[in-house]
Amino acid sequence: MLKLKQQQLQVTIRDVNKQRQEARDAMETAREKFDAYGEILVDIAGVDLQGLATPLDIDTTWANVAGVRIPVFAGAEFPKPSYSLFATPAWVDRTLEDLREINRRQAEVDVFDEQYRILQKELTKIVQRVNLFEKVMIPNSREAIRIIRIALGDEMTAAVGRAKIAKSKLSAEGNSEDGGCVYNSSETFESNTE
């Protein structure tokens, strides 16, 4: 059972690592897209783009993988824009959208990092348990079973020997006594001395 759990965790870690790398690549793509024009942007009076692009809340759900609860990224919630659409340049909306995409991708990468950390920690525990059983507990149990088998074999041999001795004593006592009982076919007991 532990081996099966270990295999499931290893497969899941591989999948999470692949998804984590894909999320990092998507984040880098979004960052490169923003960096192409982000440097020429000037601060706009009254508009806090960084504040509006910072997530208020990261929505996660929970999944169960081989008995381990891990977070799953479900989305990010951002504050509602509170600037005038007519008083600000048109590129502000696009810039805000790109900054939010970068932050959403970063949050997704963070959740994948947390999944990876939790799964790796659980895998370490499972590997330790598997090694404990394979290298310590099972060999010790096999040795104990071997010793028990030897003791039971010795006990059986001694019991057979005692039974033979008891049987030979009973036979010797039955043949040497003059006053023994004999079973008669008429279902009555008669004494040998009569």
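A few comments on the model shown:
- Test set (1) within 22 Å of the chain's Cα centre (by Cα); (2) surrounded by 16 or more Cβ atoms within 10 Å (Cβ to Cβ) - Val127 fails condition number: (2)
- If the condition is being surrounded by 10 or more Cβ atoms within 10 Å (Cβ to Cβ), of a type in the set (D, E, K, R) and either at pLDDT below 90 or over 50 Å from the mean Cα position of the chain (by Cα) (or both), then the stretch 155-194 contributes Arg162, Lys164, Lys167, Lys169, Glu173, Glu177, Glu190.
- Residue in the stretch 66-74 that is assigned to a helix (DSSP H, G or I) and under 20 Å from Glu28 (Cα atoms) present: no
Quick grid of which residues meet (1) surrounded by 10 or more Cβ atoms within 10 Å (Cβ to Cβ); (2) among the basic types (Lys, Arg); (3) more than 20 Å from Val11 (Cα to Cα):
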{"position": "Asp57", "(1), (2), (3)": "yes, no, yes"}
{"position": "Ala63", "(1), (2), (3)": "yes, no, no"}
{"position": "Val72", "(1), (2), (3)": "yes, no, no"}
{"position": "Asp93", "(1), (2), (3)": "yes, no, yes"}
{"position": "Leu99", "(1), (2), (3)": "yes, no, yes"}
{"position": "Lys121", "(1), (2), (3)": "yes, yes, no"}
{"position": "Asn131", "(1), (2), (3)": "yes, no, no"}
{"position": "Ser141", "(1), (2), (3)": "yes, no, yes"}
{"position": "Gly153", "(1), (2), (3)": "yes, no, yes"}
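- All of Ala36, Ala45, Ala90, Ala53 fail the test of being touching a Leu at 6+ places or on another chain (Cβ under 7 Å) and modelled with pLDDT under 80, apart from Ala53.
- Of all the residues in the stretch 1-35, those that are touching a residue at least 24 places away in the same chain (Cβ under 8 Å) and not in a helix (DSSP H, G or I) number 0.
- Within the stretch 84-142, tally of residues that are among the charged types (D, E, K, R) and in contact (Cβ under 8 Å) with a residue 40 or more places away in the chain: 11
The values are calculated or read from the model by the stated rules, or taken from the named source; none is laboratory data. On a predicted model such as this, the values are computed, not experimentally measured, just so you know. All Cβ positions, even for glycine, are placed from backbone atoms using ideal geometry, and neighbour counts span all protein chains on display.
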